[in-house]
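Asks: Structure in structure tokens, see below.
The values are calculated or read from the model by the stated rules, or taken from the named source; none is laboratory data. Bear in mind the structure is a predicted one, so any value in this text is a computation, not a measurement. Glycine gets a Cβ as well: all are built from the backbone with ideal geometry, and neighbour counts include every protein chain shown.
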Amino acid sequence: MPKTIQIKEQYKDTTINIVLDTLEKQKQALVFCNSKRSAEKTAEDISYKVKKITDAEKRKLIELSEKVLKSLPKSTKQCERLARCVKQGIAFHHAGLTMDQKTLIEDGFREDVIKIISCTPTLAFGLDLPAFRVVIKNLGRFGPRGMQPIPVLEYHQMCGRAGRPGKAAWGEAITIATTEAGKEKITEDFIKADAEDIFSKLAVEPVLRFYLLSLISTDFVRTRKQIMDFFNKTFWAFQFSDMHELMQKINKMLILLEKFEFIETAKGKAEALKQNKNKKDKENDVYDDFMTADEIYNEANKSKTDMGFEDVEEKFNATALGKRVAELYIDPLTAYEIICAMKRSKIKQVLPISILQMLCVTLELRPKLRVKAKEQDEVIGRLVEFESNMIVPEPSQFDPEYDDYVNSFKTALFFNDWIEENDEEFLLEKYDVRPGEIKAKIEKADWLLYAGIELGKILGLKKIGDEKKNMVAELSKMRLRMKYGVKEELLALLKLKKVGRVRARKLYGHGIKDLGDIKKANIISLAQLIGKKTAIDIKDQVGEKVLEKDIKIKENKRKGQISLMDF
């Protein structure tokens with residue numbers, strides 16, 4: 001028989017009662033919730049009920065709370081909410097926190113300063129953060145098919161956080177049921193149930209595309225036979241138990257990679273040269289007839305029989321473009337879509353939103369911001385406004401891809417607001433995207449922009465003297481704007497070290513717009529704007545030496561502080 005635990009019922013909320021019992025035992029607990037919003041509210045509700053905190057604990061918690069609040073240049077409501085919870089020894093933890101905030105919370109928990117963390121299941125994966133007690137508040141999660149049970153494997157992973165190896169002989173994992181029938185269902189569906197089977201990620205097309213191109217580009221495999229021999233030894237092949245079907249999938253990817261011009265064969269190269277002779281103007285080929293991966297495969301496969309099984313010694317080589325795609329560590333389909341969009345930009349007026357939309361349609365920027373029913377008309381209205389500037393074609397509203405395209409456009413609007421100098425608080429309020437998620441999305445966008453720049457160089461899309469068609473320059477500018485979250489007018493000032501978004505805007509607002517203006521600016525005026533040390537440093541960067549003793553700033557004193565010597 002399992003051990004029976006008696007919990008004092010102080011409040012209607014069972015989770016709070018369990019947590020308070022944990023604190024009474026002077027133990028720590030993790031409370032797992034099914035969403036970021038729920039994790040925050042649970043932590044806040046618990047913090048209101050915590051009463052007993054020693055003076056020594058208060059000092060540590062106040063210090064930790066201040067660090068949490070200062071983790072961003074300008075604190076958001078989320079930062080303030082977290083700081084209030086931390087003062088009571090409670091915290092929430094999810095993907096929306098910045099890395100600094102996560103580290104502070106995790107270290108505070110390990111040091112026994114933070115007693116309770118209310119978190120999403122991500123905390124159960126990849127972190128060594130055990131607790132005496134684990135409370136699993138929800139066993140369902142809302143998804144595309146509505147509320148669905150969480151995987152048994154995830155349940156086991158969360159329960160595995162209970163107990164401290166080497167420190168305690170046992171721990172407790174508690175799942176909440178409100179009825180006897182509910183208790184039986186949890187027991188059968190989770191506690192006694194076997195974990196789901198694990199499947200190889202090679203079965204996912206983007207992963208297979210990438211690894212196949214990487215194997216060929218590094219000369220690890222060259223022929224169909226070598227490819228078959230390699231994949232025959234993988235866990236994926238063990239699961240499939242059907243090499244013929246598996247090879248069909250691999251051949252589909254080979255056809256796509258060849259059509260993308262990332263790999264080539266002797267036969268394919270000869271055919272490509274023949275086709276190129278029939279092109280009137282290859283330089284102006286802008287991929288107007290863009291096809292999806294499936295359409296390319298179907299078109300290429302029309303003349304193939306059994307997908308090339310008859311020629312197992314056919315050799316594959318990666319093109320220069322293909323090798324760079326593999327080095328950039330992006331999905332070959334993403335690279336193809338970016339290349340098509342950049343070539344199409346030759347006949348379009350490219351705006352920042354055009355480039356941002358090109359990034360946001362990619363698989364790498366998932367999850368995209370979903371368009372809510374109440375904002376559907378507004379987002380589509382903005383899309384119509386910029387329709388002629390889109391370098392990624394808009395699908396028909398009856399196509400399955402249409403909703404994803406609209407979602408990607410909303411994500412592009414989010415990025416556009418960021419580079420228009422709207423801060424984290426604005427983005428949190430408007431898009432419900434938290435600071436940690438903002439940073440993660442910016443990092444992904446930066447990665448894709450760099451990939452676009454590298455691909456543009458190989459394709460010769462850097463045309464000096466024709467700025468409208470210089471996609472490499474446009475992507476480079478966008479990369480800087482994305483990094484700092486600024487308008488284009490501030491880019492010249494951002495070349496200076498120690499000058500970021502806030503200082504650059506302050507300088508620009510006072511008429512100092514480029515490095516030439518920095519040279520001309522009076523050092524005292526600069527010091528009053530951005531501080532004495534920073535002013536000396538940026539003057540030094542533009543070749544002007546200034547000593548701190550030479551800067552005398554008259555301080556404005558309040559009336560009550562005026563000395564008799566001033567009269």
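Asks: Considering the stretch 306-322 alone, what residues qualify as being closer than 19 Å to Lys252 by Cβ, at pLDDT 95 or above and part of a helix (DSSP H, G or I)?
Replies: Across the stretch 306-322, the qualifying residue is only Gly322.
Asks: Any residue at all in the stretch 135-144 that's closer than 30 Å to Phe109 by Cβ, loosely packed, with under 11 Cβ neighbours inside 10 Å, within 33 Å of the chain's Cα centre (by Cα) and of a type in the set (Val, Ile, Thr)?
Replies: Among the residues of the stretch 135-144, not one is closer than 30 Å to Phe109 by Cβ, loosely packed, with under 11 Cβ neighbours inside 10 Å, within 33 Å of the chain's Cα centre (by Cα) and of a type in the set (Val, Ile, Thr), which makes the answer no.
Asks: Exactly one of these conditions fails for Ala83: (1) hydrophobic (A, V, I, L, M, F, W, C); (2) without any contact (Cβ under 8 Å) to a residue 24 or more places away in the chain; (3) more than 30 Å from Phe142 (Cβ to Cβ). Give me its number.
Replies: (3)
The rows are residues; the columns are (1) hydroxyl-bearing (Ser, Thr, Tyr); (2) crowded, with 18+ Cβ neighbours inside 10 Å; (3) within 19 Å of the chain's Cα centre (by Cα).
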position	(1), (2), (3)
Glu314	no, no, no
Thr319	yes, yes, no
Ile339	no, yes, no
Val350	no, yes, no
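Asks: Does any residue of the stretch 428-443 turn out to be among the β-branched types (Val, Ile, Thr), surrounded by 15 or more Cβ atoms within 10 Å (Cβ to Cβ) and under 27 Å from Ile347 (Cβ atoms)? Show your work before the answer.
Replies: Quick first cut of the stretch 428-443, residues among the β-branched types (Val, Ile, Thr) only: 433, 438, 442.
Retained after the next criterion (residues that are surrounded by 15 or more Cβ atoms within 10 Å (Cβ to Cβ)): 433, 438, 442.
Subsequent filtering for residues that are under 27 Å from Ile347 (Cβ atoms) retains none.
No; the residues of the stretch 428-443 include none that is among the β-branched types (Val, Ile, Thr), surrounded by 15 or more Cβ atoms within 10 Å (Cβ to Cβ) and under 27 Å from Ile347 (Cβ atoms).
Asks: Checking the conditions here, which among Leu461, Leu448 is under 23 Å from Arg344 (Cα atoms) and modelled with pLDDT under 95?
Replies: Leu461
Asks: From the list Leu97, Leu64, which one is more than 21 Å from Cys159 (Cα to Cα), within 21 Å of the chain's Cα centre (by Cα) and modelled with pLDDT of 95 or more?
Replies: The conditions single out Leu97.
Asks: Might you check whether a residue that is in contact (Cβ under 8 Å) with a residue 24 or more places away in the chain, in the same structural domain as Ala29 (by TED's automatic domain parsing), at negative phi and out of contact with any helix residue (DSSP H, G or I) (no Cβ under 8 Å at 6 or more places or on another chain) occurs anywhere in the stretch 110-126?
Replies: To start, the set of residues in the stretch 110-126 that are in contact (Cβ under 8 Å) with a residue 24 or more places away in the chain comprises 112-125.
When the remaining residues are screened for being in the same structural domain as Ala29 (by TED's automatic domain parsing), the result is 112-125.
Now narrow it down to the ones that are at negative phi: 113-125.
Add one more test, that the residue is out of contact with any helix residue (DSSP H, G or I) (no Cβ under 8 Å at 6 or more places or on another chain), and what stays is 122-123.
Taking every residue of the stretch 110-126 in turn, at least one turns out to be in contact (Cβ under 8 Å) with a residue 24 or more places away in the chain, in the same structural domain as Ala29 (by TED's automatic domain parsing), at negative phi and out of contact with any helix residue (DSSP H, G or I) (no Cβ under 8 Å at 6 or more places or on another chain).
Asks: Can you pull out every residue in the stretch 175-216 that is among the acidic types (Asp, Glu) and farther than 30 Å from Asn317 by Cα?
Replies: Here is the first cut: in the stretch 175-216, the ones among the acidic types (Asp, Glu) are 180, 184, 188-189, 194, 196-197, 205.
Scanning the stretch 175-216 gives Glu180, Glu184, Glu188, Asp189, Asp194, Glu196, Asp197.
Asks: OK, next. Among the listed residues Asp399, Asp417, identify the single one that is assigned by TED's automatic domain parsing to the domain that holds Cys360, in a loop (DSSP other than H, G, I, E, B) and either out of contact with any Phe, Trp or Tyr (no Cβ under 9 Å at 6 or more places or on another chain) or charged (D, E, K, R) (or both). I'd like the intermediate steps shown before the answer.
Replies: Working: Asp417 fails: in a loop (DSSP other than H, G, I, E, B).
The conditions single out Asp399.
Asks: Here's a follow-up. Check Asp550, Asp537, Asp566 and return the single one that is of a type in the set (Asp, Glu), surrounded by 13 or more Cβ atoms within 10 Å (Cβ to Cβ) and either modelled with pLDDT under 95 or more than 30 Å from Val350 (Cβ to Cβ) (or both). Steps first, please.
Replies: Values: Asp550 fails: surrounded by 13 or more Cβ atoms within 10 Å (Cβ to Cβ); Asp566 fails: surrounded by 13 or more Cβ atoms within 10 Å (Cβ to Cβ).
It is Asp537.
Asks: Restricting to the stretch 236-272, count the residues that are within 20 Å of Cys340 (Cα to Cα) and modelled with pLDDT under 90. Quick ask: steps written out before the conclusion?
Replies: Taking the stretch 236-272 first, the residues within 20 Å of Cys340 (Cα to Cα) are 253-264, 272.
Keeping just the survivors that are modelled with pLDDT under 90 gives 272.
Going through the stretch 236-272 one residue at a time, the tally reaches 1.
Asks: Hey, can you tell me all the residues within the stretch 17-46 that are closer than 16 Å to Ile174 by Cα and free of Cβ contacts under 8 Å to residues at least 24 places away in the same chain?
Replies: Asn17, Asp21, listed by residue number.
Asks: Cβ-Cβ under 7 Å, sequence separation 6+ or interchain: first residue in the stretch 227-238 and farther than 21 Å from Glu314 by Cα, partner surrounded by 14 or more Cβ atoms within 10 Å (Cβ to Cβ) and not aliphatic (A, V, I, L, M). Which pairs?
Replies: Thr234/Ser200; Phe235/Ser200; Trp236/Ser200; Ala237/Phe231
Asks: In the stretch 42-65, how many are more than 15 Å from Val135 (Cβ to Cβ) and assigned to a helix (DSSP H, G or I)?
Replies: Taking the stretch 42-65 first, the residues more than 15 Å from Val135 (Cβ to Cβ) are 44, 47-48, 50-65.
Applying the additional criterion that residues be assigned to a helix (DSSP H, G or I) yields 44, 47-48, 55-65.
Matching residues across the stretch 42-65 total 14.
Asks: Still on this structure, please answer the following. Kindly check whether there is at least one residue in the stretch 165-178 that is under 24 Å from the mean Cα position of the chain (by Cα), surrounded by fewer than 20 Cβ atoms within 10 Å (Cβ to Cβ) and among the acidic types (Asp, Glu). Spell out how you get there, then give the answer.
Replies: First, pick out the residues of the stretch 165-178 that are under 24 Å from the mean Cα position of the chain (by Cα): none.
Looking for residues that are under 24 Å from the mean Cα position of the chain (by Cα), surrounded by fewer than 20 Cβ atoms within 10 Å (Cβ to Cβ) and among the acidic types (Asp, Glu), one finds none in the stretch 165-178, hence no.
Per-residue answers, yes or no, for (1) surrounded by fewer than 16 Cβ atoms within 10 Å (Cβ to Cβ); (2) touching a helix residue (DSSP H, G or I) at 6+ places or on another chain (Cβ under 8 Å); (3) assigned to a loop (DSSP other than H, G, I, E, B); (4) at positive phi:
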site	(1), (2), (3), (4)
Arg503	no, yes, no, no
Lys513	no, yes, yes, no
Ser525	yes, no, no, no
Gln528	yes, no, no, no
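Asks: Additional query: From the list Val286, Val350, Val325, exactly one residue is out of contact with any strand residue (DSSP E or B) (no Cβ under 7 Å at 6 or more places or on another chain), at pLDDT 60 or above and assigned to a loop (DSSP other than H, G, I, E, B). Which is it? Even if it seems obvious, please write down each step before you answer.
Replies: Values: Val286 fails: at pLDDT 60 or above; Val325 fails: assigned to a loop (DSSP other than H, G, I, E, B).
Step by step, each of Val286, Val350, Val325 is checked, and only Val350 is out of contact with any strand residue (DSSP E or B) (no Cβ under 7 Å at 6 or more places or on another chain), at pLDDT 60 or above and assigned to a loop (DSSP other than H, G, I, E, B).
Asks: Within the stretch 353-374, can you find the residues that are touching a residue at least 24 places away in the same chain (Cβ under 8 Å) and part of a helix (DSSP H, G or I)? Lay out the reasoning, then the answer.
Replies: Taking the stretch 353-374 and keeping what is touching a residue at least 24 places away in the same chain (Cβ under 8 Å), we get 353-365, 368-371.
Hits for the stretch 353-374 are Ile353, Ser354, Ile355, Leu356, Gln357, Met358, Leu359, Cys360, Leu363, Glu364, Leu365.
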